[in-house]
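Encoded as structure tokens, the structure appears first; notes follow it.
Just so you know, all these numbers are worked out from the coordinates, no wet-lab data involved. Quantities reported herein were computed from a predicted structural model and do not represent experimental measurements. Here the Cβ is made from the backbone with ideal geometry for all residues, glycine too, and neighbour counts use every protein chain on show.
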Amino acid sequence: MIGPTDHYPKNERQRSLVTMDVEFWLERWHRREIGWHRNEINAHLQEFWPSLALDRNACVFVPLCGKTLDLIWLVGQGHRVIGVELAEVAVREIFAEQGLTPTVTEMGPFRRYQLDELVILCGDFFDLKPEHLNQVDAVFDRASLIALPPEMRRRYADKMASLMPSPVPTLLVSLEYDQKTRPGPPFAVHRDEVETLFGDRYRIEPLARLDVLAESPNNLKRGLTSLHEQAYRLSPRV
Ligand SMILES: C[S@@+](CC[C@H](N)C(=O)[O-])C[C@H]1O[C@@H](n2cnc3c(N)ncnc32)[C@H](O)[C@@H]1O
């Protein structure tokens, strides 16, 4: 489960809250402070992905993908998958941990790693252009929107809209807690903000809200009294 734990050093927190820049994330990977990573497939993905009713060979975009195993699961469903990730070490590990050797090519501002149906673009999400993604049929966002501070979340939503002028079915996994109790990342993103960011293009359906406080002892110690993981299905408005 995602949890606002102590993976981000306090002495960098003020800077990170403002910029959440490339260096911030590369440093996290360099120090292996990647507490968001799970050695299991996301439970919401497994439960709710079928409800998006996609064709097997649909192309799925996974923004800010880290080295999540969810990429491998999506390929296993028959999908073509495109991830984007800043940290090259993460990209290499996606393939290495599966014992796979990708083909690596340069593609404008990105280094493109590919093996069969899995493509990872190593570089900055905000440098993407629609032609980098070709035809995307769906999006899976777990710990991507919530990785970004408030002003960048607006940029993220606008960028998604520019990359996919026709909205596509999306499964979004967010995190809810009282942001006043501690800073992010990960940041709390509640339903009203999801509506503000995506409601003009999508019908937003809450799917499941899991209480994950008990799984986050650091946050109990900090005095958090509520911590929930919330999944949404975003359906294009017709
Ligand atoms: C909180 S992690 C979540 C990773 C993944 N979604 C998961 O569920 O494990 C956020 C990831 O986004 C990457 N990232 C942050 N900003 C990015 C950007 N502008 N472009 C591409 N990747 C970015 C970070 O390096 C990090 O691996």
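Beyond 15 Å, what percent of the Cα pairs of the stretch 84-124 remain?
Tail fraction, whole percent: 30.
Using only Cα atoms, figure out Rg for the chain and give it as a multiple of 2.2 N^0.38 Å.
0.96
Stretch Ala208-Thr101 to full length: gain in nm at 0.36 nm per residue minus the Cα-Cα span?
34.9 nm
Quick check for the chain: number of Lys pairs with alpha-carbon distance under 21 Å, counting only pairs 8 or more apart or on different chains?
Value for the chain: 4.
Between Glu88 and Arg191, how many nm apart are label points set 7 Å from Cα along the C-beta direction?
So the label points at Glu88 and Arg191 sit 4.5 nm apart.
At R0 = 30 Å, how high is the FRET efficiency between Asp200 and Asn57 if r is their beta carbon distance? Nearest 0.05 is fine.
Once the sixth-power term is evaluated, E becomes 0.55.
Share of antiparallel DSSP beta bridges in the chain, in percent to the nearest 5?
65
Which of rounded, prolate or oblate describes the stretch 95-210 when judged by the alpha-carbon gyration tensor and an a/c cut-off of 1.5? Display every interim value, and only then the final one.
Working: a/c = 1.93, a/b = 1.59, b/c = 1.21.
Prolate.
Please report Lys67, Lys159, Lys180 as a ranked list, fewest other C-beta atoms within 10 angstrom at the top and most at the bottom.
Lys180, Lys159, Lys67
Work out the FRET efficiency for Glu33 and Arg237 from their Cβ-Cβ distance, taking R0 = 45 Å, and round it to the nearest 0.05.
Numbers: r = 39 Å, r/R0 = 0.86.
Working from the Cβ atoms, E equals 0.70.
Let a ≥ b ≥ c be the square roots of the eigenvalues of the Cα gyration tensor of the stretch 24-68; is it rounded (a/c under 1.5), or, if not, prolate (a/b larger than b/c) or oblate?
prolate
For labels at Asp127 and Ser166 in the simple 7 Å Cα→Cβ model, what's the distance in nm?
Those two pseudo-labels are separated by 2.9 nm.
Any chance you could run the full-extension gain for Gln46 through Asp21? It's 0.36 nm times the residue separation minus the Cα-Cα distance, nm to one decimal.
Gain on extension, Gln46 to Asp21, equals 5.9 nm.
For the stretch 29-104, just run the numbers: alpha carbon Rg, then divide by 2.2 N^0.38 Å, N being how many residues it has. All intermediate terms of the calculation are to be shown ahead of the outcome.
On the way: Rg = 12.9 Å, N = 76, 2.2 N^0.38 = 11.4 Å.
Working it through for the stretch 29-104, the quotient is 1.13.
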